[in-house]
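Working notes for the structure below.
FYI, it's all coordinate maths here, none of it is from the lab. This structure is a prediction, so every number in the text was calculated from the model and none was measured. Here the Cβ positions follow ideal geometry from the backbone for every residue, glycine too, while neighbour counts run over all protein chains shown.
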Amino acid sequence: MSAPVAAATAAPVSSTRRRRELVGVGLWALAAAAWVAAMLVPWFRAGVTASTTPLEVAELLRAGVLGVPPVAGYAVLLLPGIALVLLGIAPLRGGGAMAARVVLWLVGTAAGLLLVVFLSSISAQTFGVGAALVVAGCVLGGAALGLATVRVPASPDGPDAT
Amino acid sequence: MSQDDVDYAVPAAVPRSRRRERADDAPADGLWGGRPRTWLKVGCWGLAVALLLVLLLPLVTVDETGSDSPEAAVAQLVQGIADTDVVAIIGAVDPVETRDPDRADAAYDRLSTRLFRRGEVAPPDVTAVLVAAERQISGSPDLTAVATVAALELELDGLELRTRPDPGGASSRAQVLIVDGELDVVLDPARLPDAVEGMEKAAYSVPLDEGWRRDGAVLVQPFLVTVERDGRWYVSLEASADALLPELG
């Protein structure tokens, strides 16, 4: 079959599906940005964490204080690290990518919300920008989950078999 | 002409929602791909790496702790306390002491016996807020203290410092006298974990230049001892406690 004929007989691309995938990727990007930004601002408006950002605490740990190994400072990358992997695999299709997406989002959401709830238990009624960004990241990720594509092109030699 | 007499095909009515489902049911081969999708993947990983660098670079290039001068070190510590900024406080204290939490705790305990005046009774409204905080937090004393900090509003006014050489003549040590300054303290019960009915904010002021008293009798000029480590100045809690003991007799 000649190329023009093949192009003419190819299945039409679903513009709705493309739009949903692009919106999903955009939501993952926003979620990742929210979780990264949450490391740069204080999480509460009063209390011991009101003047301190997670990144500042991590920098202090990297400098070596309180008998904590400096490598512990990199722990601040865990939550945003999950979000960044989720952003990286956002365009991928298929059951494996979807499973990884759900597991990572659940782990990130559980870790983020547990941290916010634990810290708020001793600094109640003082939620600040950081805590709001963590929750926003969880919600955006949850919305993006619903826009992912599970199915893959029928032919393994297709233009995109991921 | 009646409706039964139409001579053209009438398309079947398909609801809008069903039409959308049909579009989604397009064959899998209809999934979009090619160069735009490749660029989308590259863009996602590129953005992810860029966001990672925002956090990673500050961690790799750690800022120096301490200060340029003895006075700046004490100012950082006092301002850090006023701002309840844990990072500023720890960053101002001698790293030799902050590396070992037990050593730092012991030094602070010794120093705190010179910081908290004996024989003085806090105003009743202040005591009421503190008691309410203790009742609400059924954890360790440390947890209670952390919770109480949430109710604190501190403001530092007119801090003035003066450096004098170490009496022992060591060039890597200096004493910093607190010449003037006041710490305004407000305890807001509304910020405690549980709301407290009928309790107002309690406020008082701590004059920083008044000097520490032992048993409410002896006045001393308040000062902190600073030490130099690798060209940076830090407050030494241990040296400050040691230096204050002979002053207090």
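Footprinting exposure proxy ranking of A:Leu79, A:Leu92, fewest other C-beta atoms within 10 angstrom first, gives A:Leu92, A:Leu79. Remark on B:Glu160: its backbone amide H falls under 5 Å from those of B:Val179, B:Asp180, B:Gly181, a criterion applied only to residues 5 or more positions apart or on other chains, H modelled at 1.01 Å from N.
Distance between the 7 Å Cα→Cβ label points at A:Val139 and B:Val62: 3.8 nm.
According to the square roots a ≥ b ≥ c of the eigenvalues of the Cα gyration tensor, what is the shape class of the range A:12-87, taking rounded for a/c under 1.5, prolate for a/b larger than b/c otherwise, and oblate for the remainder? It is oblate, given that a/c is not under 1.5 and a/b is not larger than b/c.
Take each residue of peptide B:82-95, count the partner chain Cβ atoms within 10 Å of its Cβ, and average: the result is 4. A Förster distance of 25 Å, applied to the separation of the beta-carbon atoms of B:Leu40 and A:Val117, puts the FRET efficiency at 0.10.
Among B:83-92, B:33-42, the peptide with the highest mean count of other Cβ atoms within 10 Å heads the list, and the full ranking is B:83-92, B:33-42.
Residue by residue along B:198-206, Cβ atoms of other protein chains within 10 Å of the local Cβ number 0 on average. Based on the alpha-carbon gyration tensor of the range B:54-94 and its eigenvalue square roots a ≥ b ≥ c, which shape applies: rounded if a/c is under 1.5, prolate if not and a/b is larger than b/c, or oblate? Oblate shape, in that a/c is at least 1.5 and b/c is the bigger or equal ratio.
Take B:163-170, B:103-110, A:132-139 and order them by the average number of nearby Cβ atoms within 10 Å per residue, most first; the result is A:132-139, B:103-110, B:163-170. Residues whose amide H lies under 5 Å from that of B:Val206, counting only those 5 or more places away or on a different chain, are B:Leu183, B:Asp184, B:Val185; hydrogens are built 1.01 Å from N in the peptide plane.
Computed from backbone phi, the HN-Hα couplings of the range B:81-88 come to 5, 4, 8, 6, 9, 4, 5, 5 Hz, rounded to whole numbers (Karplus: 6.51 cos²θ - 1.76 cosθ + 1.60, θ = phi - 60°; Gly and Pro given as x).
Placing dummy labels 7 Å off each Cα toward the beta-carbon, the span from B:Ala50 to A:Met98 is 3.1 nm. Charged neighbours of B:Leu187, selected by a Cβ distance under 12 Å, balance to -3 (K, R count +1; D, E count -1).
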